[in-house]
Amino acid sequence: MQIAILGAGEVGYHAAMMLSRDHDVTVIEKDSEKCERASQLDVRVVEGDGTSLQVLRDADVQNADIFLALSGVDEVNLLSCVIAKRLGALRTLARVEEVEHTGEIQRVLGIDRIVCPDLILVSEVSRTIAMPQAVSQEIFGGGKVRMIEVLID
């Protein structure tokens, strides 16, 4: 699978490290020190602004199976996903910090997935409170199906 990752901060770097084991990964980053660090991985590194059409083309985003926007700036992540999708990336995912950047904006911008770490944490906490004896829980079908693992003595 061809994966393009915008951002080589902690999240982007670790995503690139894990995904490059089984996939072809390109990392896009404008900070030269972060590019140098990412170049130690088995990935292709493109230095430049992830909202630049030319930089995204140079990174071959148009042939990406998935484009992951993992920089620390919500607006950069959202805009780069819109551009990547228009260039031809099959799927897009944007990481955002602001809860306001989730929900309807995903549909309006045509981004396949928007992930907000704070919302994931709140969801996990509420699942733990609702079923404290559960070892793990998974929700499927848009919240209609819940699978719960419990230990029985």
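Is there a residue being within 17 Å of C116 (Cα to Cα) and of a type in the set (S, T, N, Q) anywhere in the range 77-90? Yes, that holds for at least one residue.
Would it be correct to say that D42 is over 18 Å from the mean Cα position of the chain (by Cα) and charged (D, E, K, R)? Criteria met by D42.
Per-residue answers, yes or no, for (1) at pLDDT 80 or above; (2) in the same structural domain as V73 (by TED's automatic domain parsing); (3) of a type in the set (K, R); (4) in a helix (DSSP H, G or I):
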position	(1), (2), (3), (4)
V108	yes, yes, no, yes
I111	yes, yes, no, no
V122	no, no, no, yes
I129	no, no, no, yes
G142	no, no, no, yes
R146	no, no, yes, no
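Of the residues making up the range 62-74, not a single one is at pLDDT 95 or above, touching a Ser or Thr at 6+ places or on another chain (Cβ under 8 Å) and acidic (D, E). Pairs linking a residue in the range 103-114 that is of a type in the set (K, R) to a residue that is at pLDDT 85 or above, with Cβ atoms under 9 Å and 6 or more positions apart or on different chains, are R113/R91; R113/T92; R113/L93; R113/A94.
At least 3 residues being surrounded by fewer than 19 Cβ atoms within 10 Å (Cβ to Cβ), assigned by TED's automatic domain parsing to the domain that holds A94 and of a type in the set (A, V, I, L, M) is the threshold, and among the helices (runs of 4 or more DSSP H) wholly inside the range 1-61 those reaching it are 10-19. Checked against the criterion of being of a type in the set (A, V, I, L, M) and within 17 Å of G9 (Cα to Cα), the candidates V61, V96, V82 yield just one match: V96.
Note on the range 62-90: residues that are in contact (Cβ under 8 Å) with a residue 60 or more places away in the chain and surrounded by 20 or more Cβ atoms within 10 Å (Cβ to Cβ) amount to 10.
The values are calculated or read from the model by the stated rules, or taken from the named source; none is laboratory data. Computed from a prediction, not measured in an experiment: that's the story for all the values here. No Cβ is skipped: glycine too gets one built from the backbone with ideal geometry, and neighbour counts run over all protein chains shown.
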